[in-house]
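Read through the structure below, which is laid out as structure tokens, and then see the notes.
Values in this text are rule-based calculations from the coordinates and carry no lab data. Just so it is clear, the model here is predicted, and its values are computed rather than measured. Neighbour counts run over all protein chains shown; Cβ positions are idealised from the backbone, glycine included.
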Amino acid sequence: MPDSQKISEKQSEYMKLIAEIMDIRKRGEKPVAYIRTYGCQQNVADSEKIKGMLEQSGFEFADEPDNADFILFNTCAVREHAEDRVFGNVGALKNLKRKHPQILIALCGCMMEQEHVANKIYKSFPFVGLVFGTHSLHHFPELMYNALLDGKRVFERGNDDNQIYEGFPVKRDGTFKGWLPIMYGCNNFCTYCVVPYVRGRERSREKNIIVSEAKNMIESGYKDITLLGQNVNSYGKGLSEKVNFSQLLREVDSIDGDYWLRFMTSHPKDCSKELIDTIASGTHISKHLHLPFQCGSDRVLKAMNRHYDRRKYLEIINYAKEKIDGLSLTSDIIVGFPGETYEDFKETLSLIREVEFTSLFTFIFSPRVGTPCLLYTSDAADD
């Protein structure tokens, strides 16, 4: 069972030390930070924690990097296009760093948990002074202080201790819509996906902490709250208290107030009738289900290691349509998976027509280093 710990008081001391250093290094009246977030809502939630720690270190925030004293890119590794954008945008900072050497440029997030990426940053972008992965967020102030103190480059990745850290200060991006992580990591190991390798194993936050945070958000005026997890259906596994996602959802939904409650993402392999019933009977729960099917072909789904087939997916969808009035259905699709044929693709099209989704998020297959299906790609290239 993963432990739950508060970030240490030592990190608060590092925030104070950063404030003292930045009082000298700042270019304006106050130190300014520019944070750019790529990828999923979990990354957005992580950036909000980073902003919270920076705010306690005396920083204000800018919408552009030009006047910033600290520049950070929170990166995404899910698709090659996102990685290419990061490399291009980091490269564009070279002249700004040359003009203002005291600027600290940092990279964090999923890309930085990949050894080949961290090595490329180290060799090709010498003006980047701080790099840390997804498992180092709890001592970000210490890492930043070390990078500021003597100008030496700080790189940290691969230190997953399988723990959950609580007590982060959070500076949310908006006042209407808010993100509430309920778990981290993924155990599904879909053959195309890098997330389990960069986010680690599944770890659930304690129910009372989530409910308390939801109450605070509602009392603060948030009207649109989304519970976040790589696979929310796995919530509760490993906790000492026996609780599943449907039970958590009902408890949050029972909080008085004027708000909508959403969640993402749900996996078809363990999307239960209990969850569908919970959505149907909810007071605040949005009548929306995002359930990625990825491909309509059983042969390809098996190669993807998705742990369900077309029949099971349609059973869930039909049950949801029967139980939830005014249901909005959305999904994700990958096209061009290694070995996918035109016949496989036609099965995807027929599933789309049968379900009649509200909207779809479609992606061209993007090979990821370290994933099993990269072997399929290599085999196809050799044929």
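Annotations
- Label selected from (1) 24.3; (2) 21.7; (3) 22.3, the criterion being Kirkwood radius over Cα pairs in Å as computed here: (3)
- FRET efficiency, 1/(1 + (r/R0)^6) with R0 30 Å, evaluated for Glu274 and Lys215 via beta carbons: 0.80
- Distance between region 8-37 and region 188-212 - C-alpha centres, whole angstrom: 30
- For the chain, Cys with no neighbouring Cys Cβ under 4.7 Å: Cys40, Cys76, Cys108, Cys110, Cys186, Cys271, Cys295, Cys373
- Where only DSSP H runs of four or more residues are counted, the chain gives -12000 deg cm²/dmol as its mean residue ellipticity at 222 nm, each run worth -39500 (n - 2.57).
- Taking Cα atoms only, the orientation of helix 207-219 departs from the longest principal axis of the chain by about 80 degrees.
- Basic side chains Lys and Arg get +1 at the Cβ, acidic Asp and Glu get -1 at the Cβ, and with that the dipole of region 197-329 about its Cα centre reaches some 740 debye.
- Candidates Asp63, Asp46, Asp173, ranked by Gaussian network fluctuation over the chain, Cα under 10 Å, top entry: Asp63
- Between Arg250 and Arg201, the distance separating the two model label sites (each 7 Å from Cα on the Cα→Cβ line) works out to 2.9 nm.
- Computed from the Cβ-Cβ distance with R0 of 35 Å, the FRET efficiency linking Phe363 to Lys287 stands at 0.85.
- Order of Arg157, Arg25, Arg36, Arg98 under a 10 Å beta carbon neighbour criterion, fewest first: Arg98, Arg25, Arg36, Arg157
- Charge dipole of the chain (Cα centre as origin; +1 on each Lys and Arg Cβ, -1 on each Asp and Glu Cβ, all else neutral): 540 debye, rounded to the nearest 20.
- Calculated FRET efficiency for the pair Lys177/Lys94, C-beta based, R₀ 35 Å, to 0.05: 0.50
- For region 100-143 and region 269-298, distance of Cα centres in Å: 37
- Three-way shape call for region 154-308 based on the alpha-carbon gyration tensor, with the a/c threshold at 1.5: oblate
- Of Lys242/Lys273; Lys6/Lys171; Lys26/Lys99; Lys16/Lys49; Lys49/Lys120; Lys30/Lys51, pairs whose Cα-Cα distance is over 22 Å: Lys49/Lys120
- Note on Phe73, Phe365, Phe176: ascending count of other Cβ atoms within 10 Å places them as Phe176, Phe365, Phe73, the fewest first.
- Backbone HN-Hα couplings from phi across region 152-161 [Karplus 6.51/-1.76/1.60, Hz, Gly and Pro as x]: 6, 6, 10, 10, 9, 7, x, 10, 5, 9
- This model, with +1 at the C-beta of Lys and Arg and -1 at the C-beta of Asp and Glu, gives region 118-190 a dipole about its Cα centre of some 360 debye.
- Ranking of Val195, Val154 by neighbouring Cβ atoms within 10 Å, starting from the fewest: Val154, Val195.
- Across region 4-156, the mean sequence separation of Cα contacts (distance under 8 Å, 6 or more residues apart), normalised by length, yields a relative contact order of 25 percent.
- Whole-Å distance, taken between Cα centres, linking region 304-323 and region 49-88: 38
- In terms of its C-alpha gyration tensor, region 46-173 comes out rounded, because the ratio a/c of the largest to the smallest axis stays below 1.5.
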